[in-house]
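Participant: Quick one: the structure is below, and I'll ask about it shortly.
The values are calculated or read from the model by the stated rules, or taken from the named source; none is laboratory data. In this text, all values refer to a predicted model and were calculated from it rather than measured experimentally. Neighbour counts run over all protein chains shown; Cβ positions are idealised from the backbone, glycine included. To get the accessible areas, we keep the full protein, side chains included, count just its heavy atoms, and leave off ligands, DNA and RNA. Shrake-Rupley method; radii C 1.70, N 1.55, O 1.52, S 1.80 Å.
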Amino acid sequence: MSGNDREAAVRRLLEQAPRSLPPEIHTEAVRRGGRMLRRRTLARRALWLLLLAASLAFTVWALTARPWVEPPSETTPPLSGW
């Protein structure tokens, strides 16, 4: 199909009167769309909650374990009883 034939076919499709849809299709689409939006919102909230819990757990671990502090040396015995 050449470019002119394609263009003519598209023009014919656009000039036709739009077909009417059965009314139950609209209500079904609205119902499904609402359900999709609720699921997407719930998933987004769950991911934010998971991110918040993970950052809180990391902060608590970092404050208790203090990984930035160098551990004491265990190669020399403690000096006591001088």
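Participant: For the chain, which whole percent of the accessible surface, found with a 1.4 angstrom probe, sits on carbon and sulfur atoms?
Facilitator: On the way: 5490 of 8490 Å².
Answer for the chain is 65 percent, counting heavy atoms of protein chains only.
Participant: Across bins of 5 angstrom width beginning at 0, how are the C-alpha pair distances of the chain distributed, in whole percent?
Facilitator: Calculated P(r), rounded to whole percents: 2, 10, 6, 7, 7, 7, 8, 7, 7, 6, 5, 5, 4, 5, 4, 2, 2, 2, 2, 1, 1.
Participant: Let me ask something else. Of Pro18, Ala54, Thr76, which is farthest along the charge dipole of the chain in the positive direction, counting Lys and Arg as +1 and Asp and Glu as -1 at C-beta?
Facilitator: Result: Pro18, furthest along the dipole toward the positive end.
Participant: Also: Where nothing but the Cβ of Lys and Arg (+1) and of Asp and Glu (-1) is charged, how large is the charge dipole of the chain around its Cα centre, in debye to the nearest 20?
Facilitator: For this selection, approximately 600 debye.
Participant: Roughly speaking, what is the stretch gain from Glu15 to Leu37, that is 0.36 nm per residue apart minus the C-alpha to C-alpha distance, in nm to one decimal? Walk me through the numbers on the way to the answer.
Facilitator: Working: separation 22, 0.36 × 22 = 7.92 nm, distance 3.44 nm.
Length difference between fully extended and current span is 4.5 nm.
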